[in-house]
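The values are calculated or read from the model by the stated rules, or taken from the named source; none is laboratory data. Remember, it's a predicted structure, so these values are computed and weren't measured experimentally. Cβ coordinates were reconstructed from backbone atoms using ideal geometry, including for glycine residues, and neighbour counts include every protein chain displayed.
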């Protein structure tokens, strides 16, 4: 029965009304905006050392605080889980990517209900809550329009959501979710569309909606850009501005950026520039084509970052216009260090890399002008990634400083007393939620909606907003796919694990990071007792926070999606009934690297045409469609189109249209069928194990068109009753390994 504190008599005359008081944090509670940038290294912001252009971010730093000793996990989903909950990522079930589920509590691919998010806690406390951008905290087999939806943003504490659920998306043709349903981008790339602009448009819209009607309620906005994750894509005007700026190479850039960091006081005077990582060659030793490719890839990254900064500028300007900037706490950070996934030379087309096609710089330079645009899926080489991590060693995925040491900027005019100051105390991503809760005057309840809550693991940084005080976060473990580390009171033990190597054979290094933050001087030999102390403490922390069992699997866990209670039936037979929303890769029939049959039951008039099934983007994938009364199959191998057109025209009326796709070894044969009769065949010279980073659409082509033979979505004009797909097992095909490679392409 509803709680009521009034008096109910027989009539209104002898009754007393009562209205419950809505939750509210108080009139002085700040608005809160957490801005998360993807795959951005410690030095990438201009105000953290680089010469890249980030004027808005620099302005926030000059009016706020820079945290120069802030740390995160080495990967995106785990950092997001720790950020939003204030607990360690293993504790809440996010050891690695949300695409994985290991069968152990540390890796469920979703955040435990026993760890409420900032959205859930702040909403209970009276805030309006919005999430915009990358989520990547739902098991991706549950990211289709079939759900379940219990781990989508609206079910984890956010009143409104606009963004994408997977680890990456095309910036010009994204896979978008609005609240709980898929939507198309509001414009095309030809009309000037870019995802970062769209995300900020919606963040502004959500803020305006609440501030216009309920200005009495503070708001919490979680804005997680797809930038700076691959693909590095930016408007042409931004790309043009950066032409030639990085031709001096990464060695000169690192030295110069490091000098700027020292001049700014971002690193201790004793800091040295870490030596080049293995595989990073001196710039002077590269061929002309290697230099051209690497420079152009860095230009795309820099243009992408500058464009992102401009969108943050639009948001900040809007807060000023609403006269709420003074009491809005903005926290801006990266989710991990710079990415190593571009390899030694960089990648023009990431799908080639994941299909084990090593595109040489000599080949890639023939398409330099595509880099950064809609026809590329690029990532920069190791040399530029290490420059982004200046002065540290290693990268994203690793527990050395290059993977976990990132910038944090806090801007809050009403709450910060020393604008432009630097805070050098150790801090960790789990400290953000306690800071937000204390600033908002909202406490984490012991139970939420009847579910007992895990205590916070982090510590509030609020005291550091007005005082330069010592860190209270004295100890922190790190772990990612077997890479391990422990920070304790200025010391750090760390090991870089090699897959399949016994964990007892890992070699631990020891650094006094208070004096040697770039991990240049390994003291393991001279300080064995200190090393033993830290390693023993790592095991203690691992047991306390649910890290165990140690598990170095990564790619293999993509194949684990084929299990009971999943979208993938044991028969590997899939039936789709249009209209059906686009299906993300981890929930769709897995066609890469396999043999399969497709049958579509249609009823059409003469000249009805359109897509029956498409999978992928304009950069790679396949499309099966009807055009000019002919059945057509386009196998798009990284913009090399192999097109099969039926030898006969289709009849009007009901019929069954089919594709028989048969894998050989590294090639395949394709046959088109109408009512079971063969109407054309072709040989495909290369079999794509990984089709694309986007998924399947039935009855239309979602996103950028796979085939050059049509534009737009090319919806099927007849009646499409159903599409049946049967995966065909062949001897010698490792289904789990194939699925693993397919999944990694989206990370």
*Would a scan of region 309-328 turn up a residue that is touching a helix residue (DSSP H, G or I) at 6+ places or on another chain (Cβ under 6 Å), assigned to a strand (DSSP E or B) and in contact (Cβ under 8 Å) with a residue 12 or more places away in the chain?*
yes
*Would you check if there is a residue in region 639-661 being modelled with pLDDT under 95, in contact with a helix residue (DSSP H, G or I) (Cβ under 9 Å, 6 or more places away or on another chain) and either within 23 Å of residue 374 (Cα to Cα) or surrounded by fewer than 20 Cβ atoms within 10 Å (Cβ to Cβ) (or both)?*
yes
*Condition test on residue 372, is it over 30 Å from residue 593 (Cα atoms) and at pLDDT 95 or above?*
no
*Could you figure out which of (1) touching a residue at least 24 places away in the same chain (Cβ under 8 Å); (2) more than 27 Å from the chain's Cα centre (by Cα); (3) in the same structural domain as residue 43 (by TED's automatic domain parsing) isn't true of residue 463?*
(1)
*Which ones in region 150-195 are under 23 Å from residue 112 (Cα atoms), assigned to a helix (DSSP H, G or I) and over 19 Å from the mean Cα position of the chain (by Cα)?*
155
*Inspect all residues belonging to region 23-32 and state whether any of them is farther than 22 Å from residue 433 by Cα and either free of Cβ contacts under 8 Å to residues at least 12 places away in the same chain or not assigned by TED's automatic domain parsing to the domain that holds residue 514 (or both).*
no
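Any residue at all in region 74-89 that's under 30 Å from residue 482 (Cβ atoms), in contact with a helix residue (DSSP H, G or I) (Cβ under 8 Å, 6 or more places away or on another chain), free of Cβ contacts under 8 Å to residues at least 24 places away in the same chain and surrounded by 24 or more Cβ atoms within 10 Å (Cβ to Cβ)?
Looking for residues that are under 30 Å from residue 482 (Cβ atoms), in contact with a helix residue (DSSP H, G or I) (Cβ under 8 Å, 6 or more places away or on another chain), free of Cβ contacts under 8 Å to residues at least 24 places away in the same chain and surrounded by 24 or more Cβ atoms within 10 Å (Cβ to Cβ), one finds at least one in region 74-89, hence yes.
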_Show me the strands (runs of 3 or more DSSP E) entirely contained within region 577-634 in which 2 or more residues are modelled with pLDDT of 95 or more and surrounded by fewer than 24 Cβ atoms within 10 Å (Cβ to Cβ)._
595-604
*Among the residues of region 312-362, count how many are over 26 Å from the mean Cα position of the chain (by Cα), farther than 30 Å from residue 429 by Cβ and at pLDDT 90 or above.*
4
*asked:* I'd like to know if region 543-566 contains one or more residues that are under 21 Å from residue 81 (Cβ atoms), at pLDDT 90 or above, outside the structural domain of residue 401 (by TED's automatic domain parsing) and part of a helix (DSSP H, G or I).
replied: yes
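Return yes when residue 105 is surrounded by fewer than 19 Cβ atoms within 10 Å (Cβ to Cβ), more than 30 Å from residue 379 (Cα to Cα) and touching a residue at least 60 places away in the same chain (Cβ under 8 Å) and no when it is not.
Numbers: surrounded by fewer than 19 Cβ atoms within 10 Å (Cβ to Cβ): yes; more than 30 Å from residue 379 (Cα to Cα): yes; touching a residue at least 60 places away in the same chain (Cβ under 8 Å): yes.
Yes.
Among the residues of region 337-358 satisfying the criterion of being assigned to a loop (DSSP other than H, G, I, E, B) and touching a strand residue (DSSP E or B) at 6+ places or on another chain (Cβ under 7 Å), which is nearest to residue 249 (Cα to Cα)? Write out each step before concluding.
Step one: filter region 337-358 for residues assigned to a loop (DSSP other than H, G, I, E, B), giving 337-346, 348, 355-358.
Right, trim to touching a strand residue (DSSP E or B) at 6+ places or on another chain (Cβ under 7 Å) and you get 337, 339, 341-342, 346.
Numbers: 337: 20, 339: 18, 341: 19, 342: 16, 346: 14 Å.
Per the criteria, the residue is 346.
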*Identify, by number, the condition in (1) surrounded by fewer than 24 Cβ atoms within 10 Å (Cβ to Cβ); (2) within 26 Å of residue 312 (Cα to Cα) that residue 122 doesn't meet.*
(1)
_For the structure I just gave you, tell me whether residue 454 is assigned by TED's automatic domain parsing to the domain that holds residue 221, within 24 Å of residue 489 (Cα to Cα) and in contact (Cβ under 8 Å) with a residue 40 or more places away in the chain._
no
_Looking for something under 24 Å from residue 229 (Cα atoms), surrounded by 23 or more Cβ atoms within 10 Å (Cβ to Cβ) and more than 24 Å from the chain's Cα centre (by Cα) - is there at least one such residue anywhere in region 429-436?_
no
*Filtered residues of region 502-526 (kept if without any contact (Cβ under 8 Å) to a residue 40 or more places away in the chain and more than 25 Å from residue 427 (Cα to Cα))*: 502, 504, 505, 506, 507, 525, 526
*Among the candidates 128, 112, which residue alone is touching a helix residue (DSSP H, G or I) at 6+ places or on another chain (Cβ under 7 Å), surrounded by fewer than 24 Cβ atoms within 10 Å (Cβ to Cβ), touching a residue at least 60 places away in the same chain (Cβ under 8 Å) and assigned by TED's automatic domain parsing to the domain that holds residue 197?*
128
*Does residue 409 satisfy being touching a helix residue (DSSP H, G or I) at 6+ places or on another chain (Cβ under 7 Å) and either within 30 Å of residue 279 (Cα to Cα) or surrounded by fewer than 19 Cβ atoms within 10 Å (Cβ to Cβ) (or both)?*
no
*Please report, ordered by residue number, the strands (runs of 3 or more DSSP E) entirely within region 459-538 with at least 1 residues that are in contact with a helix residue (DSSP H, G or I) (Cβ under 8 Å, 6 or more places away or on another chain) and under 26 Å from residue 555 (Cβ atoms).*
475-480, 483-488
_Every residue in region 498-534 that is within 31 Å of the chain's Cα centre (by Cα) and more than 30 Å from residue 261 (Cα to Cα), please._
498, 499, 500, 501, 502, 503, 506, 507
*Quick one: residue 298 ticks every box in (1) in a loop (DSSP other than H, G, I, E, B); (2) out of contact with any strand residue (DSSP E or B) (no Cβ under 6 Å at 6 or more places or on another chain); (3) closer than 17 Å to residue 49 by Cα bar one, so which box is it?*
(1)
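Please work out if residue 571 is surrounded by fewer than 17 Cβ atoms within 10 Å (Cβ to Cβ) and under 30 Å from residue 596 (Cα atoms).
Details: surrounded by fewer than 17 Cβ atoms within 10 Å (Cβ to Cβ): yes; under 30 Å from residue 596 (Cα atoms): yes.
Criteria met by residue 571.
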*Filter result for the condition that a residue is surrounded by fewer than 24 Cβ atoms within 10 Å (Cβ to Cβ) and either in a strand (DSSP E or B) or under 21 Å from the mean Cα position of the chain (by Cα) (or both), over 247, 216, 198*: 198
*asked:* Tell me whether region 203-210 contains one or more residues that are over 18 Å from the mean Cα position of the chain (by Cα) and assigned to a loop (DSSP other than H, G, I, E, B).
replied: no
*Sole residue being closer than 26 Å to residue 539 by Cβ, touching a strand residue (DSSP E or B) at 6+ places or on another chain (Cβ under 6 Å) and at pLDDT 95 or above, chosen from 95, 66, 87*: 95
